[in-house]
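These notes are about the structure you will find just below.
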Amino acid sequence: MLRNNENNYQFNIDKFYKNFIQGPRIFNNRDALEAKFIPEKLLHRGPQIKDIAEKTACALLGNAPPNFLCYGMTGTGKTSTIRYVSQKLAQQNSEIKTWWIYINCNIISTPYRILAHIYNTISRREKIPHTGLPKDVIFKKLLGLLDTRVGNSICFLVLDEIDILIEKKVGNEILYDLTRLNENLDTCKTSLIGISNLLKFRENLDPRILSSLGREQIVFPSYHAGELRDILIGRAKIAFQDTVLKEDVIPLCAAFAAKEYGDARKALQLLRKAGELAERAQNKNVTTKHVKKAQLDLENDLNIDYIKGMPLQAQLILTTIYLISKFSPEHVIISGDIYEVHSEIRVLIPGVRELTKRRISDYINGLAKAGIISAVIKSMGHYGRTKIIKLDIGRDLVEKALSKIEKINSILNYKPFLLQRDKVKLKNNIFKKLI
DNA sequence: TATCCACAGGAAATCAGGGTGT
DNA sequence: ACACCCTGATTTCCTGTGGATA
């Protein structure tokens, strides 16, 4: 990279692009490394494909397939397998057309929006606004639409990350609505497919829903390293130019991902990132060095993106933890500290309001769930019961992420008053002995 | 052994901001 | 203009609790 004097710095963009085009080619079709790419042959999912095919085959004769659930950890090919089967089903010469509507409950997570999304996917003209109407009105409109537009066909509703609905306490309501769609339809038939990474989410499911949705289930076991390798080899053939991959690249990607509970998505991301690093460095080959760097980068990128995408208040909570650990690395951080420092620093940022302890507690849990911090409940006897909070990722990484947020960047050198109070210091010394 | 701290975290209510149909 | 709907963020109210200390 060109790096002259600060003032003198001139980047020759034309030359850069010219070099880039003439430079070594790494990729052939990098889309093949995307999670949404469905290959011609889906490896190591034979039993699941068979199972789903058997369950859905009756759709070709115009009969309603049973509802069912798919379980498996992230990157075990649940969504891909469903998409694969749906493509194959659509290719069959049948008079019955099948409709497939995918709903990612992580993104579309309220009953209203799920109904609206289904409606809007099917409807060509009229769209339902993203808010405003009563739910039962949409339900009735949807029934009408299904019967007129989908007609005698089968409509599959695929609910990805269905466990999130239950977690948000809206699952029973919307799933009940969806399961009773069939009862109210005249010609069209629907089938529900739930996808979840958690087995235990069924515990909080209404028995009525469980009996209609949870009777049949398909389990997706995690891939082991050998299987991941096969998958990567298949994709790499499409994605990369011939001979750019060094021999041990794929086994290493597979081994890394196998450690992460056999996550194929992760393995593909890793391979892709490694390729991109080689491309950026204008190298002729992708080597294990690139993979190792990719592994590191990927983790960091993920965390930085996540932090940048959090709501401002959550970023501010993370900032309080960052500031305390920066100015007093030995300080044992408890919930009360965060509450105090938050109310201290939030006035430095215009438009940020004070939060209650209750709310902050939820934000702390959110950060912990995302793996950015750890928060362990600990009883300090007479000093009460609280959470001990630690950063789970590097402080420099947190700083890097926070400094990219305009509003927060200006307060990253603010030393919280809390750390200077003798009473706080004294109490914290006792905490150190207790934990 | 009873007490009591400093919270944890569930449930319900409230509010603002987006919208609707009449 | 009005009554009403849905959502997401937040507050209010509340009950529960582990263990050092008196």
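Derivation of every value follows stated rules applied to the coordinates shown; laboratory data play no part. Note that the structure is a prediction, hence the values are computed from the model and not measured. All Cβ positions, glycine included, derive from the backbone under ideal geometry; neighbour counts span all protein chains shown.
So here's what we get for this one:
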{"read-out": "Helix-only [θ]222 nm of chain A, DSSP H runs n ≥ 4, -39500 (n - 2.57) each, per residue, nearest 500", "value": "-15000 deg cm²/dmol"}
{"read-out": "Sparsely packed trypsin sites (Lys or Arg not before Pro) within the range A:293-392, loop by DSSP, other Cβ within 10 Å at most 10", "value": "A:353"}
{"read-out": "Taking the C-alpha atoms of the range A:100-236, convex hull volume expressed per residue in Å³", "value": "146"}
{"read-out": "Max mean-square fluctuation residue, GNM over chain A, Cα-Cα springs under 10 Å, options A:360, A:174, A:108", "value": "A:360"}
{"read-out": "Order of A:160, A:301 under a 10 Å beta carbon neighbour criterion, fewest first", "value": "A:301, A:160"}
{"read-out": "For residue A:378, residues with placed amide H under 5 Å, excluding near neighbours", "value": "A:386, A:387, A:388"}
{"read-out": "Within the range A:338-435, GluC sites (Glu not before Pro) in DSSP loop having at most 16 other beta-carbon neighbours inside 10 Å", "value": "A:354"}
{"read-out": "The range A:15-107: GluC sites (Glu not before Pro) in DSSP loop, at most 16 other beta carbons within 10 Å", "value": "A:34, A:40, A:95"}
{"read-out": "GNM flexibility winner over chain A from A:130, A:224, A:117 (Cα, springs under 10 Å)", "value": "A:130"}
{"read-out": "nm² value of the averaged projected area, convex hull over the Cα atoms of the range A:12-129", "value": "12.9"}
{"read-out": "Computed lengthening from residue A:16 to residue A:97, 0.36 nm per intervening residue step minus Cα-Cα distance", "value": "24.1 nm"}
{"read-out": "In Hz, Karplus ³J(HN,Hα) per residue of the range A:353-369 (6.51, -1.76, 1.60; θ = phi - 60°; x = Gly, Pro)", "value": "9, 5, 10, 7, 4, 4, 5, 4, 4, 5, 5, 4, 4, x, 5, 5, 5"}
{"read-out": "Built amide H within the under 5 Å cut-off of residue A:44, gap 5+", "value": "none"}
{"read-out": "Residue of A:234, A:75, A:394 that the Gaussian network model of chain A assigns the largest fluctuation, springs spanning Cα pairs under 10 Å", "value": "A:394"}
{"read-out": "Reciprocal mean inverse distance between Cα atoms of the range A:315-435 - Kirkwood radius, Å", "value": "14.7"}
{"read-out": "Neighbour-count order for A:412, A:270, fewest beta carbons within 10 angstrom listed first", "value": "A:412, A:270"}
{"read-out": "Simple spin-label estimate for residue A:261 and residue A:413 in nanometres, 7 Å along Cα-Cβ", "value": "4.2"}
{"read-out": "Three-way shape call for the range A:303-379 based on the alpha-carbon gyration tensor, with the a/c threshold at 1.5", "value": "rounded"}
{"read-out": "Nearest 10 degrees, 0 to 90: helix A:78-91 Cα axis against chain A principal axis", "value": "30"}
{"read-out": "For residue A:333, distant residues with modelled amide H under 5 Å away", "value": "A:389"}
{"read-out": "Cβ-placed point charges (K, R +1; D, E -1), dipole of the range A:247-365 about Cα centre in debye, nearest 20", "value": "220"}
{"read-out": "Largest to smallest principal axis extent of the C-alpha atoms in the range A:254-320, angstrom", "value": "45, 30, 16"}
{"read-out": "³J(HN,Hα) computed for each position of the range A:308-313 - Karplus, 6.51 cos²θ - 1.76 cosθ + 1.60, integer Hz, glycine/proline x", "value": "5, x, 6, x, 4, 4"}
{"read-out": "P(r), alpha carbons of chain A - 10 Å bins starting at zero, rounded %", "value": "4, 16, 21, 22, 21, 12, 3, 0"}
{"read-out": "Derived scalar couplings ³J(HN,Hα) [the range A:145-159; Karplus, 6.51 cos²θ - 1.76 cosθ + 1.60; whole Hz; x for Gly, Pro]", "value": "5, 4, 5, 7, 7, 7, x, 7, 8, 10, 10, 8, 10, 9, 9"}
{"read-out": "Order of A:58, A:188, A:253, A:105 under a 10 Å beta carbon neighbour criterion, fewest first", "value": "A:58, A:188, A:105, A:253"}
